[in-house]
Amino acid sequence: MKRSRDKAASELFAALYPRLAGWCRRLVDDDETAHEIASEAFTRLWARWSRVEEPRGFLYVTAANLVRDHWRKLERERKAMRRVTTEAAVNAHTEQADPSVRLLVQSLPERLRTPILLHYYADMPIREVSVLTGRKEGTVKADLHAARELLRVHLRRSLDHTL
């Protein structure tokens with residue numbers, strides 16, 4: 001039994017780790033951090049192995065939560081640095097005008113951010129996003145639409161500031 005469990009875990013790791021780490025890399029823009037997040041997601045999966053029905057979904061939702069925590073930490077560090085430096089006004093203007101999609105996605109409310117991350121960044125179909133988030137497919141579609149509209153408005157505003 002332990003051997004089959006270990007074999008299943010090894011096969012799952014071989015099949016999913018590279019893609020999960022790559023997905024994390026696109027979100028955090030740093031190889032080392034991406035691998036740490038992907039590894040931590042697998043560590044949390046192993047700790048709950050016998051109770052997790054959908055390992056792939058568990059990994060991506062866990063990784064998304066870890067990415068969100070990473071973004072929050074970065075934001076706290078940025079705020080601390082702005083308080084310490086005398087260039088706070090210049091830094092705030094530069095960040096406000098940055099049209100980076102990653103930063104815009106990060107700024108979305110969690111209700112909208114999670115479906116965007118799972119559907120567009122993890123390439124999960126709406127049905128799977130629905131199951132993982134516990135929302136109806138129609139709600140997921142509406143959330144994706146609302147998120148795209150917000151991103152479009154923010155991106156247009158950011159681009160207008162840089163022109």
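The numbers here are math on the coordinates, done by the rules we state, and not lab data. Computed from a prediction, not measured in an experiment: that's the story for all the values here. Neighbour counts run over all protein chains shown; Cβ positions are idealised from the backbone, glycine included.
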(message) Testing the spin-label approximation: label points 7 Å from Cα along Cα→Cβ at Lys7 and Asp29. State their distance in nm.
(response) 4.5 nm
(request) Could you calculate the contour length gain from Thr139 to Arg19, that is, 0.36 nm times the residue separation minus the distance between their Cα atoms, to one decimal place in nm? (result) 40.5 nm
(message) How far apart, in nanometres, would the label points at Ala146 and Lys79 be if each is projected 7 angstrom from Cα along the Cα-to-Cβ direction?
(response) 2.4 nm
(message) Explain nothing, just compute: Karplus ³J(HN,Hα) = 6.51 cos²θ - 1.76 cosθ + 1.60, θ = phi - 60°, for every residue of region 40-48 in order, whole Hz, x for Gly and Pro.
(response) 5, 4, 5, 4, 5, 5, 4, 5, 10
(message) Suppose R0 equals 30 Å. What FRET efficiency, 1/(1 + (r/R0)^6) with r the Cβ-Cβ distance, do Arg44 and Leu155 give to the nearest 0.05?
(response) 0.35
(message) Test of the criteria: in region 101-163, which trypsin sites (Lys or Arg not before Pro) are in a DSSP loop and have at most 12 other Cβ atoms within 10 angstrom of their Cβ?
(response) Lys136
